[in-house]
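**Student:** First the structure, which I've put down as structure tokens, then a few questions once you've had a look.
The values are calculated or read from the model by the stated rules, or taken from the named source; none is laboratory data. Note that the structure is predicted; figures quoted are calculated from it, not measured. Methodologically, a virtual Cβ is constructed for each residue, glycine included, from the backbone with ideal geometry; neighbour enumeration extends over all protein chains shown.
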Amino acid sequence: MTLLIALGSGDPNPWVKEFTALLPDRPTVKLGDSYEPASIEFAMTWYHPAGSLAHYPNLKAVFSMGAGVDHLFRDTALPDVPVARVVDPDLTNRMSEYVVLHALSILRQTRRYREQQKHLQWIDDDWQPAAAEVRVGVMGLGVLGSDAAQKLKHIGFDVAGWSRSAKSIDGIQCFAGDDALPAFLARTDILVVLLPLTDATRGIVNRPLLKGLARDGRVPAPSLINAGRGNLHVETDILECLTDGTLHEAVLDVFQTEPLPEASPLWTHPRVTMTPHNASVSDPLAVARAIAAQIRRFEKGEALLNTVSRTRGY
Ligand code: NAP
Ligand code: GLV
């Protein structure tokens, strides 16, 4: 009945404390503690060391500490048990705040006016489209993408989304599947990436894709916001596209290597806004409560919520 906390980095002790309080009738341990492997029935992980879950004969389910599960599926020795992820309104709201903040910041040219202020420049030329004249395209219309799309719509943007399977969301133009991708891109001035990282999406945000974005918009050139995963994009392609005018701005929360290496030109690029993979952080108490509730469900014989497909990778 033991829960194992398996973190690749960070301090597991606050989690052990939280789960011990929430599940007082069963032990919570962390990797490196001394325990009987046969006692481990559940594991909560975040970038656990590959292979570190392979030796628990009674493991029944694995919980991701976050919304993404790519960190789990990179472990080729991951036991064949159900995998569930976090779906939490707090996490969803935080992501939508991030997306709306940066879409508005691109629309209202925050970066440009900050620069002008630095140089005591009062330049008020006439380019300021309304939100309704700017087309936002959200790649990934899952829990996070569909919420962000609806909030962007509420602000007034002209919003579309793209997903694997067909969707119908009030007020949002929905595109589905690879065949629909060119049409989706061709009507996109601000591209928001909220896809999961899978074999099908790795490197998808590359130069050919960025070249396919709208060229007839009310913006100088299209912009990119990626808060999904760093390996969805190709950083050298983003830099090239910023240099040759294919892209106007890039807002990146996630990177191919994290932390971003000091040598990366993204750090100092004048049209890149970076955040340290915290567009939406999981509130530890909310996550611990959700996982504790999942364990109780499972033990009552009820189906786990928010399970993911190993074949699809999300
Ligand atoms: P989700 O509910 O699983 O939604 C994923 C969406 O992507 C779905 O609409 C899915 O299509 C679509 N999709 C997947 N593969 C696709 C493909 N090959 N082609 C087209 N569409 C595809 O995931 P979520 O909860 O919205 O989270 C999305 C991602 O955000 C996570 O996986 C994680 O990487 C990232 N994230 C980042 C942060 C951060 O702080 N930066 C925080 C939380 C999450 P269908 O609807 O047809 O299945
Ligand atoms: C954060 O990146 C998450 O996947 O929850």
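**Student:** Exactly one of (1) assigned to a helix (DSSP H, G or I); (2) more than 16 Å from ligand 2 (Cβ to nearest atom) is unmet by R94. Its number?
**Tutor:** Only one criterion is unmet by R94, namely (2).
**Student:** Does at least one position in the range 285-306 carry a residue that is out of contact with any helix residue (DSSP H, G or I) (no Cβ under 7 Å at 6 or more places or on another chain), in contact (Cβ under 8 Å) with a residue 12 or more places away in the chain, surrounded by 13 or more Cβ atoms within 10 Å (Cβ to Cβ) and not in a helix (DSSP H, G or I)?
**Tutor:** Yes - at least one qualifying residue is present in the range 285-306.
**Student:** Something else: Exactly one condition in (1) assigned by TED's automatic domain parsing to the domain that holds R202; (2) hydroxyl-bearing (S, T, Y); (3) more than 19 Å from the chain's Cα centre (by Cα) is not met by S96; state its number.
**Tutor:** Of everything listed in (1) assigned by TED's automatic domain parsing to the domain that holds R202; (2) hydroxyl-bearing (S, T, Y); (3) more than 19 Å from the chain's Cα centre (by Cα), S96 misses just condition (3).
**Student:** Within the range 37-59, count every residue that is in contact (Cβ under 8 Å) with a residue 24 or more places away in the chain, farther than 17 Å from A292 by Cα and not hydroxyl-bearing (S, T, Y).
**Tutor:** 6
**Student:** Can you say whether A166 is over 14 Å from L191 (Cα atoms), over 24 Å from the mean Cα position of the chain (by Cα) and of a type in the set (G, A, S), as far as the supplied structure shows?
**Tutor:** So A166 fails the test.
**Student:** Another question, if that's okay. Considering (1) β-branched (V, I, T); (2) within 13 Å of ligand 2 (Cβ to nearest atom); (3) in contact with a strand residue (DSSP E or B) (Cβ under 7 Å, 6 or more places away or on another chain), say which one V87 fails and leave the rest.
**Tutor:** Of the numbered conditions (1) β-branched (V, I, T); (2) within 13 Å of ligand 2 (Cβ to nearest atom); (3) in contact with a strand residue (DSSP E or B) (Cβ under 7 Å, 6 or more places away or on another chain), the odd one out for V87 is (3).
**Student:** Moving to a separate point now. Somewhere in the range 234-251, is a residue more than 16 Å from ligand 2 (Cβ to nearest atom), surrounded by 15 or more Cβ atoms within 10 Å (Cβ to Cβ) and hydroxyl-bearing (S, T, Y)?
**Tutor:** Yes, the range 234-251 contains at least one residue that is more than 16 Å from ligand 2 (Cβ to nearest atom), surrounded by 15 or more Cβ atoms within 10 Å (Cβ to Cβ) and hydroxyl-bearing (S, T, Y).
**Student:** Next question, about the same structure. Give all pairs with beta carbons closer than 6 Å in which a residue from the range 239-254 that is at positive phi meets a residue that is in a loop (DSSP other than H, G, I, E, B) and at pLDDT 95 or above; count only pairs at least 6 apart in sequence or on separate chains.
**Tutor:** The qualifying pairs are G245/A221.
**Student:** Condition first: part of a loop (DSSP other than H, G, I, E, B), touching a residue at least 24 places away in the same chain (Cβ under 8 Å), more than 30 Å from D75 (Cβ to Cβ) and not acidic (D, E). Now tell me which residues in the range 188-221 satisfy that.
**Tutor:** T188, G212, L213, A214, G217, R218, V219, P220, A221
**Student:** On to the next question. Out of A77, A166, A132, I need the residue that is assigned by TED's automatic domain parsing to the domain that holds R289 and exposed (fewer than 15 other Cβ atoms within 10 Å of the Cβ). Which one?
**Tutor:** That would be A77, the only listed residue that is assigned by TED's automatic domain parsing to the domain that holds R289 and exposed (fewer than 15 other Cβ atoms within 10 Å of the Cβ).
**Student:** Considering only residues that are assigned to a strand (DSSP E or B) and away from ligand 1 (no atom under 16 Å from the Cβ), which ones fall in the range 222-255?
**Tutor:** Selection gives S223 alone.
**Student:** I'd like the residue in the range 257-314 that is within 15 Å of ligand 1 (Cβ to nearest atom) and among the basic types (K, R) and, out of all such residues, is farthest from E18 (Cα to Cα).
**Tutor:** Residue satisfying both the conditions and the ranking: R312.
**Student:** Tell me yes or no: at least one residue of the range 142-157 is under 19 Å from T275 (Cα atoms), in a loop (DSSP other than H, G, I, E, B) and in contact (Cβ under 8 Å) with a residue 60 or more places away in the chain.
**Tutor:** So far as the range 142-157 goes, no, none of its residues is under 19 Å from T275 (Cα atoms), in a loop (DSSP other than H, G, I, E, B) and in contact (Cβ under 8 Å) with a residue 60 or more places away in the chain.
**Student:** Applying the selection to the range 26-42, what residues are part of a loop (DSSP other than H, G, I, E, B) and of a type in the set (K, R)?
**Tutor:** Hit for the range 26-42 is R26, nothing else.
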